[in-house]
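Written out below as C-alpha cells is the structure these notes cover.
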C-alpha cells in the first residue's frame, strides 16, 4: 500500500472500517466454505481415500478463492487511497503559493513546487532536512522561531518577511501563515506553512501611499496658499495706510527733529513687512505657466550680476556651465525666482566669507533613481545645482524645509517661504528636487527641469552614468 500523504494523515476510523470490512468478508466466506464444502465431500463419497483427496483439493480451492478476493478488495482499497492521494497532491502542487509541512522538530516532511524555488532543490532533496541545511544560521533561526511561536500559540500565526529565492536569486516579500497541525487525538504532528509573494502588492501599496501623501500635500499647500493670500491682501492694505501716513509725517517734519528716526524705523519695518506680504502673495498666487524652451546656461549667466549683489561682497559665486547642455522647458520668470531664493538661502547659511557654486548638467533618471528625488519620474532633465559652504543641516530637518513658514533661521531673519516657493514652482514644472546636506559640509540643492523637445518623461535613457552621491550621475 502506498505511503499516506503527510499533508493529511489517514483518519483512524477509515482505516479501522476498511480492515473490519475485509476481515468480516473473510470470516463469512470461510464459514460458508467450511460448512458447505464438508457436506459436499460427504455427499460425493464415503471412501476415506477419496475424502482425503477431496479435502486437500477443497483446501487449495479455498486458498485460491480467498486470495483472489483479498487481492481484488485490497487493490480496490489501495486504488481509492491512491486516487485521493493523487487528487490531494495535484491540488497542493497546483497552488501558486509556497506550501510546506514540518514535523515538530523542524524537519521537512513535504512541500510543493513553488516552495522548491525557495531552496532551489526538489522535494525529495528537501524531505528529511531542516532550514539549517539550506539557509544561513541567522535566517534559519528566524524561521525556526516562527515555527515555535505558531506551535506555542496553538493557532495560525502570520508575519511578513523578505527572502531571497535560491532559484534565480530574486528577492521577494512573503506573507507567511504558519498553522500547528494536530491529529484526531490532539497530538501535535507538525507545522503547516503557506507563503504568498506580495512584492507587487507591497509596491502598489507604497505607490498608493505616496500618491495619497502627494494629494494631501497638494491640498494642504492649496489651503495654506488661500489663507496666506487672504491674510496678505488685508495686511497689505493696512501696510499701505501705515506707509502713506508715515511718509507724510516724515515729509512735514523738520530735518533737525529727533522724532524723525522713529518714523524712519516705522517706515523701514513697514517696508520689510511689505516684502513679506509680497512673498506670501507670490506663494499663494497660481498663474498659468508660460513654459518655453530655455537655455539654462544663458539664463544663469544673465542673472549672475543680480545674484552677486544678492549674495553680498563676502561671498563668492562660482559659475560652472555644462557643455552641450540640453534646452529646458521652463517659465523664465519663475526660474529667476527659483535661483534667487536658492542663492538667498545659501547666503543665509554661510557665516562670514564663503562660496556659492552654481552649475548645470544633463540628467537622465531611470526607475531606480527616482526614490532619491522628490516626486520624481523617469525621464530626461536639465539640472541647476546650487551648493554652499555653509553650516549644513541635520538630515532630520530635510523633510520639513519645503514646508511653508518653516525656517531654521533666527527669529526675524527668515519668512520660511523661499524654499516652499521653490518646491511649488518646480512641481508646477513637473520637475524634481534633491537636497544633499550634512552638518559641517554645506548644502547642495539640485533642481531638475524637464528637457524640452524629445525628452519626454518616462523615456529611460541607456546613457546614464554610474551613481554618484544620493542620485544618478548627470548624463553625458
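The values are calculated or read from the model by the stated rules, or taken from the named source; none is laboratory data. In this text the structure is predicted, and so the values were computed from the model without any measurement. As a convention, Cβ positions derive from the backbone with ideal geometry for all residues, glycine included, and neighbour counts pool all protein chains shown.
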query: Which residues, counting only those in the stretch 90-122, are part of a helix (DSSP H, G or I) and farther than 16 Å from residue 140 by Cβ?
result: 90, 91, 92, 93, 94, 113, 114, 116, 117
- prompt: Any chance the stretch 458-469 includes a residue that's outside any loop (DSSP other than H, G, I, E, B), modelled with pLDDT under 85 and assigned by TED's automatic domain parsing to the domain that holds residue 380?
  reply: yes
Those residues of the stretch 139-176 which are assigned to a strand (DSSP E or B) and surrounded by fewer than 16 Cβ atoms within 10 Å (Cβ to Cβ), in sequence order: 158, 159, 160, 161, 162, 164, 171
message: With the requirement that a residue be at pLDDT 70 or above and farther than 19 Å from residue 377 by Cβ, what does the stretch 195-204 give you?
response: 195, 196, 197, 198, 199, 200, 201
